[in-house]
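All remarks here apply to the structure that follows.
Bear in mind that the values in this text are calculations on the coordinates, not laboratory data. Bear in mind that the values here come from a model prediction, so they are computed numbers and not experimental data. No Cβ is skipped: glycine too gets one built from the backbone with ideal geometry, and neighbour counts run over all protein chains shown.
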Amino acid sequence: MDGLIVKALSGFYYVQTEEGAVIECRARGKLRKTQMSPLVGDRVTIAVESGKGTVQEVLPRRNRFVRPAVANLDALVVLASCVIPVTEPFLIDRITAIAGHQNVPVILCVNKCDLDDGDRLVRIYEHAGYPVIRTSAETGEGVEELHRAISGKVVAFTGNSGVGKSSILNCLDPNFCIETGAVSDKLGRGRHTTRHVELYRMTDGTYVADTPGFSSFDTEQMEVILKENLQYAFPDFAPYLGQCQFNDCAHLTEPGCRVLAAVEAGDIEPTRHASYARLYEKAKEIKLWELK
């Protein structure tokens, strides 16, 4: 039978079938040999014997992420804030670049707006073309708008640790009862309270994934985006691509670059281009032979 992996923990996969039952499964050995390890969000075919299941096949994926370790997302919700912990635009841009490379829409949630209105981040990302919602787990502001934006979809929540992912999920549906952790005043970041990736099913059929909090994205944990493809992961660059003086323009310092001209004219946010330049330098370190 077919089903959806809603939880992965210590080598076990919990598969929700079309009948609604959740069956504990192990993965068939051949999946490890083909490097097709199941992920939360995967549609799979399972065999069941004596109440225990085996994942026989992972059905074709639409997308796949390393962190959060999920597949087949309809949208990625990125939580950020302008108050402790402060989210730097570069962190958001790394996440949105990965999502853009996977053709997954991004919804930016500027949380803790009861403490800071988040105008700086709202301005940057609305200008870049992303849907932005101001939220507060304390006052409930924006929670219903966010609920409408994700209704009926499979989405993951991500953002720097302590920004309020678990609190917002609890606001969306109190039945989640996800543990929340206090933000350390000394360190300015939250303690990691989520130990595994799990899809929670809401009453309207929406699935949301709470994921381990993180304070940074390591290069090794990022999806590989070649430097030639990075420009396409920034949707605000799209109107200017193909219009530069040089066909192989890297949009860094080249004369006649339409992207740089757009930055100069204020049509592209300077922080967005600065993030692109930093990511481009990282992408230059990728060796094609290492990918084979």
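Other residues whose C-beta falls under 14 angstrom from the C-beta of I268 contribute a net charge of -3, scoring Lys and Arg +1 and Asp and Glu -1. The phi torsions of segment 266-272, fed into the Karplus equation with coefficients 6.51, -1.76 and 1.60 and a -60° offset, translate into couplings of x, 7, 10, 5, x, 5, 5 Hz, rounded to whole numbers, with Gly and Pro shown as x. Okay, which of segment 1-15 sit inside 18 Å, backbone N to the point 7 Å along the Cα-Cβ direction of K30? What the label zone holds, given the 18 Å backbone N cut-off, is 1-3.
Give me the net charge of V15's neighbourhood, meaning all other residues with Cβ under 10 Å from the Cβ of V15; Lys, Arg count +1, Asp, Glu -1.
Residues near V15 contribute -1 overall.
Under 5 Å between amide hydrogens, built in the peptide plane, is the criterion, and for Y200 it picks out V208, A209, D210 among residues at least 5 positions away or on other chains. 3J(HN,Hα) along segment 249-254, derived from phi through the Karplus expression 6.51 cos²θ - 1.76 cosθ + 1.60 where θ = phi - 60°, amounts to 4, 8, 6, 10, 9, 5 Hz, with x in place of Gly and Pro.
Just how large is the dipole of segment 1-155 about the Cα centre, in debye to the nearest 20, putting +1 at every Lys and Arg Cβ and -1 at every Asp and Glu Cβ?
So the dipole magnitude of segment 1-155 works out to roughly 980 debye.
Segment F246..S10, full-extension length gain: 79.9 nm, with 0.36 nm per residue of separation and the alpha-carbon distance subtracted. Model label points for H147 and E88, set 7 angstrom from Cα along the Cα-to-Cβ axis, are 3.6 nm apart.
For the pair E281 and R62, the difference between a 0.36 nm per residue extended length and the Cα-Cα distance amounts to 76.0 nm. In this structure, E49 and T203 have a Cβ-Cβ separation that, at R0 = 30 Å, corresponds to a calculated FRET efficiency of about 0.40. Over all orientations, segment 102-183 has a Cα convex hull whose mean projected area works out to 6.0 square nanometres. Calculation over all alpha carbon pairs of segment 20-89 in 10 angstrom steps from 0 returns a P(r) of 17, 38, 24, 13, 8, 0 percent.
For D173, what is the net charge nearby, where nearby means another residue's Cβ is under 10 Å from its Cβ and Lys, Arg count +1, Asp, Glu -1?
Working: positive: R201; negative: D204.
That works out to 0.
In order along segment 227-241, phi translates into HN-Hα couplings of 4, 5, 9, 4, 4, 6, 8, 10, x, 6, 7, 3, x, 10, 5 Hz, rounded to whole numbers, per the Karplus curve 6.51 cos²θ - 1.76 cosθ + 1.60 with θ = phi - 60° and x for Gly and Pro.
Under 5 Å between amide hydrogens, built in the peptide plane, is the criterion, and for V70 it picks out F65 among residues at least 5 positions away or on other chains. Placing one equal scatterer on every Cα of segment 15-139 and applying the Debye formula, the log10 ratio I(q)/I(0) at q = 0.18, 0.20, 0.21 Å⁻¹ is -0.92, -1.02, -1.09. Residues whose amide H comes within less than 5 Å of that of Q56, counting only those at least five positions distant or on another chain, are T45, I46, A47 (H built at 1.01 Å from N in the peptide plane).
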